[in-house]
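All remarks here apply to the structure that follows.
The values are calculated or read from the model by the stated rules, or taken from the named source; none is laboratory data. Worth saying up front: this structure is predicted, and the values here are computed from it rather than measured. Neighbour counts run over all protein chains shown; Cβ positions are idealised from the backbone, glycine included. Just so you know, the surface numbers come from the protein's heavy atoms only, side chains and all, with ligands and any DNA or RNA stripped out. Shrake-Rupley method; radii C 1.70, N 1.55, O 1.52, S 1.80 Å.
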Amino acid sequence: MERLLALILGAAALAADSPSDHVLKEVERRYNRAETLQVGFTETYSGPSRAARTERGTLYLRKPGRMRWDYTSPAGKLFISDGKNLYLYVPGSNPEKMKLKETEDMRAPLAFLLGKLNFEKEFQNIEVKPAGGDMQITAEPKAGNLPYSKVEFAVSPAFEIRKLRIHNLDQSILDFGFESEKLNPPLENSLFQFRAPPGTEMVGG
C-alpha cells in the first residue's frame, strides 16, 4: 500500500510540472550534477556605436567556482578564476587581478553552470518557448544590483545550453555560443592557477 501511494504521489508531482518547468529542471539537473565541464565557445560583444567583436576558444569549469577561458582568438588571451580571484591576461599587457565577488565581468556569472543554476531563485518573468529545434528561455534577474537586465538561453533537446545572450544595462549585448560540450572530463588543478608571464607585473588585487 505504501509503495502504491508513493507511485501515485510521484505521478501526481510529474503531472503538476508544466512543460516549461520540466525544461528548467532538466537544464538545472544537467549542470548541477556535473563536477567539471569543457566546451568550445564563441563570444561576441556589440554595443551602441561600437563594431561587433568576436573572440573564441575553450572554456573549462570545475566546482567550486573555478573556470578557465582559454582563447585561441586572440591567441594567448586568458581569463581564469581560482574560486576567489579572477585573472585577465591579454598578450602585450600586464595581467589584471580582481576579486571574484566584486567583479561585474559577464564571464564570471557563468560559474553558475556548475552547481549553482537555480532559475526560480535567480530569475523572474521566466518564459520558455520553442525556437526551431531548441527551446528558448528568457528571464530577468531578481537582484536589482546586476549590470544586466535580461538573459536568453537556447537549449537543445538534450538540455545543453547552446547559446546565451546577455542584455546589459548600457544597451550592449554579449552573445555566447557553445559547442562540443563535455561533462565531467578530467581537469587538472593547474588549469585554474594563474602564473604571470615572465616580464609582466600584476595589476590590481
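A compact table of results
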read-out	value
Exclusive hit being surrounded by fewer than 17 Cβ atoms within 10 Å (Cβ to Cβ) and either out of contact with any strand residue (DSSP E or B) (no Cβ under 7 Å at 6 or more places or on another chain) or at pLDDT 85 or above (or both), set Lys150, Lys163	Lys150
Test for Lys116: is it modelled with pLDDT of 90 or more and not in a helix (DSSP H, G or I)	no
Identity of the residue in segment 93-113, among the aliphatic types (A, V, I, L, M) and more than 29 Å from Gly199 (Cβ to Cβ), that ends up modelled with the lowest pLDDT	Met106
Restricting segment 42-68 to residues that are under 14 Å from the mean Cα position of the chain (by Cα) and either under 21 Å from His167 (Cβ atoms) or aliphatic (A, V, I, L, M) (or both), the residue that is surrounded by the fewest Cβ atoms within 10 Å (Cβ to Cβ)	Thr42
Close pairs from segment 175-203: first more than 19 Å from Thr58 (Cβ to Cβ), partner of a type in the set (Lys, Arg) and open to solvent by less than 90 Å² (accessible area, probe 1.4 Å), Cβ under 8 Å, at least 6 apart	Met202/Lys97; Val203/Lys97
Search result, residues across segment 189-201 that are open to solvent by less than 70 Å² (accessible area, probe 1.4 Å) and under 10 Å from Asn94 (Cα atoms)	Ala196, Pro197, Thr200
Answer residue from segment 17-28, given it is touching a residue at least 60 places away in the same chain (Cβ under 8 Å) and either of a type outside the set (A, V, I, L, M, F, W, C) or touching a Lys or Arg at 6+ places or on another chain (Cβ under 6 Å) (or both) and is farthest from Arg62 (Cα to Cα) among those	Pro19
